[in-house]
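Readers should treat all values here as calculations from the given coordinates under stated rules, not as data from a laboratory. None of these values were measured; they are calculated from a predicted model. In this analysis, Cβ positions are derived from the backbone assuming ideal geometry, glycine residues included, and neighbour counts consider all displayed protein chains.
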Amino acid sequence: MAKDYDVIIVGAGPAGLMAAKTAGENGLKAALLERKIDIADIKRACSMMVVTLTGKYLGERVFLNTRDRRICFPRYGFSVQYDGPHQDFYTWSIYSHKGNKVQLGDYGQNVKKGEAGRISAVYSKGALLQGLLDEACSNHVDIYPGYNVIGCMKEGGSVTVMTREGRSFKGTFVIGADGRSSKLARTLGLNRDRKYFGTATTLGYEMAGVEPPEKYALFQIFLNETPPMRIWMTPRAGRDEHFAMVTSLHPGRDHAAAFKRVTSEGHFAPWFKKAEVKRTLPAVGNMLSHIVDPYKDQVLLVSDAVWCQEAEMTGAVVSGWKAANAVTFALVEGKISREGVAGYLDWWRDEVIKQYDYKDMIGNAVMPYMLNPDEIDFLLGSIKKTLPGMLDPYETPKLVGGALAEIMPMVQKERPEIFQKLGRMRTTPLEVVFGSCMRAGFPTLSLS
Ligand SMILES: Cc1cc2nc3c(=O)[nH]c(=O)nc-3n(C[C@H](O)[C@H](O)[C@H](O)COP(=O)(O)OP(=O)(O)OC[C@H]3O[C@@H](n4cnc5c(N)ncnc54)[C@H](O)[C@@H]3O)c2cc1C
């Protein structure tokens, strides 16, 4: 049995590292357990977009301080070291498989404006994790890489965390930041009331030599595939490369075959004529509703472990920071209880659960389940104006929804069948829309 800690943090993603750094800065005796050996090595697909330099996700507008190499969260009042590259991007194009598109942000004009014209930027997640790790280490956090946590148990006034390697760690509080398939959420029984909508699988390609019409842009492409698949493509920061992710809600789909089809034939093939794949990265994650009450037995769960779908880097860092501060208050006040960590639980209830309906986030994936690729092509080709450029997982879909609403009289007249389907899109429960995904997916990843 290792020495006793004030707090044990499980998972060294952005949330866990931020919680560890903050606990260390506050003077707590903290330990961080992570199953990966190399904490800053990114093994899972990620677009690495900063959410967000525009819009206001969680009421926050992130700033990049390139002079002092920090990422700043002014609303919450903290910043983190970031010694990596970034690459601004200036437009977000949403394409049908035939090449019709809706554009958010005028690329030419925005490039001329420079930083003021960017929609947001991509960064290096590895550099972010390394910066947070360095800060946690310099604040005396004990780091334990290579430990896979299998559960925890409350004993008297403390919690014991057990690992597959046979070692256990004892702490007054535990912060569970073990991601989308959180073992802690499962073993504590906190997933029981969550709604499950499907399992998203992703295959990402890091590539050199891609030649899209705009170099520094976000592309979203609805593929001509049934069941539906999409591609998201972004530039990579600090490298002359792109990252293209093929995603599906049907785990049985062949992502590589779909990627081959779209890159070798049809509208997008010329973009990839000279492309060379450098590395592939997978990702798997369930689409679930939030955990409404993320506290049990002195364990506080944060970020993707409790979020609907995913917290994004911003939500991860903010929730890790909030949780570590709440635990610090509880220890200072001697309230080793739910009441002690109310600062985190109130924030979670009032500023996340009440403000962000999980149905809006999951609803972003509905369109290709209600409309076929040609119908999507018709709609995207009918929105002629350029929309404001913004990267915000909740606000941007509203901009596109508003543009669709403007063309509805025309759609009703020219394509009444699409008009009817769009009407049904608003009223059909998500469980019905995603019924086939739920049958094909792996709820046991998170729920059992
Ligand atoms: C395909 C894809 C694209 C994305 N693109 C973006 C983007 O462009 N911008 C953005 O901001 N966000 C993006 N995200 C979301 C973002 O990656 C997450 O929201 C964020 O990483 C959540 O941080 P976290 O610390 O909660 O979890 P994670 O980053 O998942 O970290 C959890 C950590 O816990 C460890 N762990 C898990 N289980 C155990 C265990 N039992 N014992 C010990 N350690 C354990 C894991 O190894 C991992 O290191 C994307 C996600 C996906 C899947």
If V62, V80 are placed from fewest to most neighbouring beta carbons inside 10 Å, the sequence is V80, V62
With T263 itself left out, Lys, Arg at +1 and Asp, Glu at -1 over residues whose Cβ is under 13 Å from its Cβ give +1
Ordering 251-262, 176-187 by per-residue average of other C-beta atoms within 10 angstrom, highest first, gives 176-187, 251-262
Here the gain from full extension of V366 to I407, 0.36 nm per residue of separation minus their alpha-carbon distance, amounts to 12.8 nm
Among H97, M313, I383, the residue whose Cα sits farthest towards the positive end of the charge dipole of the chain (+1 at Cβ of Lys and Arg, -1 at Cβ of Asp and Glu, taken about the Cα centre) is H97
Proxy exposure order for M229, M245 (fewest C-beta within 10 Å first) is M245, M229
When the charge dipole of the chain is computed with +1 at the Cβ of Lys and Arg and -1 at the Cβ of Asp and Glu, the Cα pointing farthest to the positive end, of N372, Y144, A324, is that of N372
By the mean-Cβ-within-10 Å protection proxy, highest first, 112-119, 288-295, 365-372 rank as 288-295, 365-372, 112-119
If every Lys and Arg gets +1 and every Asp and Glu gets -1 at its Cβ, then about the Cα centre the chain yields a dipole, in debye to the nearest 20, of 540
Highest GNM mean-square fluctuation among K354, K195, K56, for the chain with Cα springs under 10 Å, belongs to K354
A correct Kirkwood calculation over the Cα atoms of region 130-267 returns a hydrodynamic radius in Å of 19.2
Taking N as the residue count of region 219-292, its alpha carbon Rg divided by 2.2 N^0.38 Å gives 1.23
The rounded separation in angstrom of the Cα centers of region 157-221 and region 251-273 is 27
The convex hull of the Cα atoms of region 178-333, divided by residue count, gives a volume in Å³ per residue of 131
GNM on the chain, Cα springs under 10 Å; top mean-square fluctuation among G423, G77, G27 goes to G77
Note: the chain, point scatterers on Cα, Debye, no solvent; log10 I/I(0) at q = 0.09, 0.11, 0.13 Å⁻¹ equals -0.59, -0.88, -1.20
One would report the Cα pair-distance distribution of region 1-129, bin width 10 Å, in %, as 11, 32, 32, 16, 7, 2, 0
In nm², the average projected area of the convex hull spanned by the Cα atoms of region 267-388 is 12.0
Most packed first (mean Cβ within 10 Å per residue), the peptides 95-102, 14-21, 275-282, 397-404 order as 14-21, 95-102, 397-404, 275-282
For G204, the net charge from surrounding residues (Cβ-Cβ under 9 Å; K, R +1; D, E -1) works out to +1
In deg cm²/dmol, rounded to the nearest 500, the helical mean residue ellipticity at 222 nm of the chain, built from -39500 (n - 2.57) for every DSSP H run of length 4 or more, is -8500 deg cm²/dmol
Listed by chain and number, the residues whose amide H is under 5 Å from that of R70, excluding neighbours fewer than 5 places away on the same chain and using placed H, are N65, Y82
So, with points 7 Å from each Cα along the Cβ direction, the E115-E155 label distance in nm works out to 5.3
Rounded to whole angstrom, the alpha-carbon centroid of region 393-435 lies from that of region 311-390 at a distance of 22
Restricting to lysines and to Cα separations under 25 Å from K21, and discarding same-chain partners fewer than 8 apart, the set is K3, K29, K36, K43, K56, K125, K154, K170, K183, K296, K322, K335
The value for region 320-423 (convex hull of the alpha-carbon atoms, volume per residue, Å³) is 127
